[in-house]
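**Student:** What follows is a single structure, and I will ask about it in a moment.
The values are calculated or read from the model by the stated rules, or taken from the named source; none is laboratory data. Because the structure is predicted, anything quoted here is derived from the model rather than measured. A quick note on method: Cβ atoms are made from the backbone with ideal geometry, for glycine too, and the neighbour counts reach across all protein chains shown.
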Amino acid sequence: MRKFITTLVVGMVVVAVVACGTSYQTGVGAERNTLTRQQMLDAGATSVYDGVQRLRPSWLTSRGPRSLTDDTPAVVSVFMTGNQIGDADVLRDLRLEDIDSIQYFDAARASARFGMGHPRGVIEVHPRGTRN
């Protein structure tokens, strides 16, 4: 019984440590997964897509075929004000002046926030004048 309790306590500590280390909303993770309009302008970007390509190109890479039966590549989905507006190409049409920031969610976080079907993750666009 003592071994069971020790194992249970150690397991709970490990879960707590891992949960604290994977936070996207605070600290370094938030900075790595968010780009502001000003950061993209400072980098010389001419569009939102250009800003992402210059500062976070890994957000735009595809992962190859989705499965053996579906050979279309998995690409990032783009959401704005709670609605899916397309894939990464839609960022080419967004003017930097019209956004406050964008935020990247990996596949696991995208599934939790936006539902299943985003194997490459989601870029959420925060239009100018809205709160993150």
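**Student:** Considering only the range 81-105, how many residues are touching a residue at least 24 places away in the same chain (Cβ under 8 Å) and over 16 Å from M40 (Cβ atoms)? Don't jump to the end; show me each part of the working.
**Tutor:** First, pick out the residues of the range 81-105 that are touching a residue at least 24 places away in the same chain (Cβ under 8 Å): 81, 84-85, 88-89, 91-105.
When the remaining residues are screened for being over 16 Å from M40 (Cβ atoms), the result is 81, 84-85, 89, 105.
The total comes to 5.
**Student:** Of all residues being modelled with pLDDT under 95 and of a type in the set (S, T, Y) in the range 48-76, which is farthest from E31 (Cα to Cα)? Just the residue, please.
**Tutor:** Once the filter is applied, the top-ranked residue is T69.
**Student:** Could you give me the residue pairs with C-beta distances under 8 Å whose first residue belongs to the range 109-125 and is in a strand (DSSP E or B), whose second residue is of a type in the set (S, T, N, Q) wherever it lies, and which are 6+ apart or on separate chains?
**Tutor:** V122/S77; I123/S77; I123/Q103; E124/Q103
**Student:** Right, here's the next one. Please list, ordered by first then second residue, the pairs with beta carbon atoms under 7 Å, 6 or more apart or interchain, first in the range 36-59 and more than 12 Å from E97 (Cα to Cα), second assigned to a strand (DSSP E or B).
**Tutor:** G51/L35; V52/L35; L55/L35; R56/L35; R56/Y104; W59/Y104; W59/I123
**Student:** If you scan the range 103-132, which residues turn out to be surrounded by 12 or more Cβ atoms within 10 Å (Cβ to Cβ) and aliphatic (A, V, I, L, M)?
**Tutor:** Result: A107, A110, V122, I123, V125.
**Student:** What residue, of D87, D100, is surrounded by 12 or more Cβ atoms within 10 Å (Cβ to Cβ), out of contact with any Cys (no Cβ under 6 Å at 6 or more places or on another chain), among the charged types (D, E, K, R) and at pLDDT 95 or above? If you could, list the steps in order and put the result at the bottom.
**Tutor:** Numbers: D87 fails: at pLDDT 95 or above.
None of the other options fit; the residue is D100.
**Student:** Is the range 117-127 home to any residue that is modelled with pLDDT of 95 or more and among the charged types (D, E, K, R)? Walk me through it before giving the result.
**Tutor:** Initial filter on the range 117-127 (modelled with pLDDT of 95 or more): 122-127.
Then keep just the ones that are among the charged types (D, E, K, R); that gives 124.
Within the range 117-127, one or more residues are modelled with pLDDT of 95 or more and among the charged types (D, E, K, R).
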